[in-house]
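What follows draws every value from the coordinates through simple rules; no lab data is involved. Predicted, not measured: the structure shown is a model, and the values here were computed from it.
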Amino acid sequence: MEQMSVPLEVAARDTAQAAAGVLRETGRESNSPLVLAASPEAHALRAEIIQVGRKLWERQYVDGNGGNISVRLGSKYLLCTPTMMSKRDMEPADICLSDLDGTILAGQRMRTSELLLHLAIYTANPRAHAVVHCHPPYATAYAMTGSAPPSGLLSEVENSIGPVAVAPYETPGTKAFAETVLPFVADHNTILLANHGIVCWADTVTHAEWLVETFETYCKTYLIAQQIGKPLTFIPDSKIQEILALKRRLGLPDARMAGKPLGSD
Ligand SMILES: [Zn+2]
């Protein structure tokens, strides 16, 4: 059932100044979700969600009302995409404000039904600040096989992603579906969802979408490379270790830094 819904533009008009003042004067987070939702930070995050949503649609990573995007707002709230909307057509008032239990506090529409997946990721991994879920064709084709292309072949992928996990299939929108990513979310920023699509987390919405782009292109390029008729050349293990050392310094996740031996993916 839809929870309390406050027209966001009204809330924004009434409280924007207060929000700016609270955040500027105290340097602390406001306790009021509506004040926080009307803050300049929230306006910028809504604009970023809308821009990334259009990008997903333009790149044909979503069809119909598919895909969803969310981002943390302060420590207790999220901004997320609504249900039943094309990611091409969103306006600021369409973006929902939710708490970490999935209760909608503001926004003119119902939240995405797949917010439980996002909440599971945020709850399990404090480093996840933004989540993008979509259905790009090459990555989703792999998800249909329950497998991911091997790691160790392309430096860009190694730098930003590393080995990709495949979460088992569950009915989308359910708690069981959300929990399928839990074994992987600490050490993988990119997870294939079997028979469904992909989900990525990062520090920003834009960066999470970059992970989707990088992996989608990798899936496509890997398939092309296999058609060339020559054996694939893997990056030497010593060079992978250099990349892992860099990722460790930057605080980027990689399953190979979690005690998992190289080559086991
Ligand atoms: Zn989906």
Ratio Rg/Rh [Cα only; Rh per Kirkwood] for the range 36-132
0.93
Eligible lysines near residue 55 by straight Cα distance, threshold 23 Å, same-chain separation 8 or greater
87, 220
Taking placed amide H atoms and a strict 5 Å upper bound, the residues 5 or more places from residue 105 or on another chain that come that close are 97, 98, 99
Roughly what angle does helix 8-26 make with the longest principal axis of the chain, taking Cα atoms, 0 to 90 degrees, to the nearest 10?
80 degrees
A chain fully extended from residue 159 to residue 238 at 0.36 nm per residue, minus the present Cα-Cα distance, gains in nm 27.0 nm
Sum -39500 (n - 2.57) across every DSSP H segment of at least 4 residues in the chain, then divide by the residue count to get the 222 nm mean residue ellipticity, nearest 500.
-13000 deg cm²/dmol
Overall Cα dimensions of the chain - principal axes, largest extent first, Å
64, 38, 31
How far is helix 205-226 tilted, in degrees, relative to the longest principal axis of the Cα atoms in the chain, given as a value from 0 to 90 rounded to the nearest 10?
20 degrees
Rounded to two decimals, the Debye log10 I(q)/I(0) of the range 126-265 (Cα scatterers, no solvent) at q = 0.08 Å⁻¹ is -0.20
Explain nothing, just compute: Karplus ³J(HN,Hα) = 6.51 cos²θ - 1.76 cosθ + 1.60, θ = phi - 60°, for every residue of the range 159-176 in order, whole Hz, x for Gly and Pro.
4, 9, 10, x, x, 9, 8, 10, 7, x, 6, 8, 5, x, x, 8, 5, 4
Please list, in order along the range 178-185, the HN-Hα scalar couplings obtained from phi with the Karplus expression 6.51 cos²θ - 1.76 cosθ + 1.60 (θ = phi - 60°), rounded to whole Hz, x for Gly and Pro.
4, 6, 5, 8, 4, x, 10, 6
Tell me, rounded to the nearest percent, the portion of alpha carbon pairs in the range 82-121 spaced more than 16 Å apart.
31 percent
